[in-house]
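Below is one structure; the comments refer to it alone.
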Amino acid sequence: MKSFYDAIKEKKMQEMQTIDWQDFAKVELRVGRIVSAEVFKQARKPAYILHVDFGEELGVKKSSVQVTELYSPEELVGKLVVGVVNFPRKQIGPVMSECLITGFHNAEGAVALCVPDKDVPLGSKLC
C-alpha cells in the first residue's frame, strides 16, 4: 500500500509536463557574478535589486530577487549565480528586470540561490 507521501509524489510526477531537448535548448541559463546588491525599498515583498555581470557578450543585467531571508546585500556581492538571460524584460514596480536569477525554496520556503560550486567564466551556458 502506498504512503500518503508516495501518492502525492506520484501525482506530481504525472502532472509534470515533459519537454524535448529543443525546448530546453531555448533557455539561456548563464553564469554571472553579482557586482552590486541593494534593498528594493519599493517592492511589495522583501527583495533586493541585483546587478549581475554575465561577461563581455551579455554585459551587466539587473534583476529583482526575493532572497532576503537567507542573504544580506553584502554577502551577495561577488557571488556567482545562474540566471535566465533570454526572458523578455519585466517591469517590477520602478525596476526593469532584465534576467531571472534562479534558486530553490528550502523547507521553510526561503529561496536559496542556484550557484556553481567552482569558478567558471562569466557568461558560460549551462550544459
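The values are calculated or read from the model by the stated rules, or taken from the named source; none is laboratory data. In this text, all values refer to a predicted model and were calculated from it rather than measured experimentally. No Cβ is skipped: glycine too gets one built from the backbone with ideal geometry, and neighbour counts run over all protein chains shown.
Using the structure shown, decide if G93 is out of contact with any His (no Cβ under 6 Å at 6 or more places or on another chain) and at pLDDT below 95. Yes.
For beta carbons closer than 8 Å, sequence separation of 6+ or different chains, a first residue in segment 13-30 that is exposed (fewer than 10 other Cβ atoms within 10 Å of the Cβ) and of a type outside the set (S, T, Y) and a second that is in a loop (DSSP other than H, G, I, E, B) and modelled with pLDDT of 85 or more, the qualifying pairs are K26/N86. Taken together, the residues in segment 57-87 that are in a loop (DSSP other than H, G, I, E, B) and either closer than 18 Å to K26 by Cβ or charged (D, E, K, R) (or both) amount to 7.
Considered as a group, the residues in segment 88-127 that are among the charged types (D, E, K, R) and assigned to a loop (DSSP other than H, G, I, E, B) include one that is nearest to the chain's Cα centre (by Cα), and that residue is E98. Considered as a group, the residues in segment 21-44 that are small (G, A, S) and within 19 Å of Q66 (Cβ to Cβ) include one that is farthest from the chain's Cα centre (by Cα), and that residue is A43.
Give the residues of segment 45-62 that are within 20 Å of G109 (Cβ to Cβ) and either surrounded by fewer than 19 Cβ atoms within 10 Å (Cβ to Cβ) or within 12 Å of the chain's Cα centre (by Cα) (or both), sorted by residue number.
Taking segment 45-62 first, the residues within 20 Å of G109 (Cβ to Cβ) are 45-48.
Result: K45, P46.
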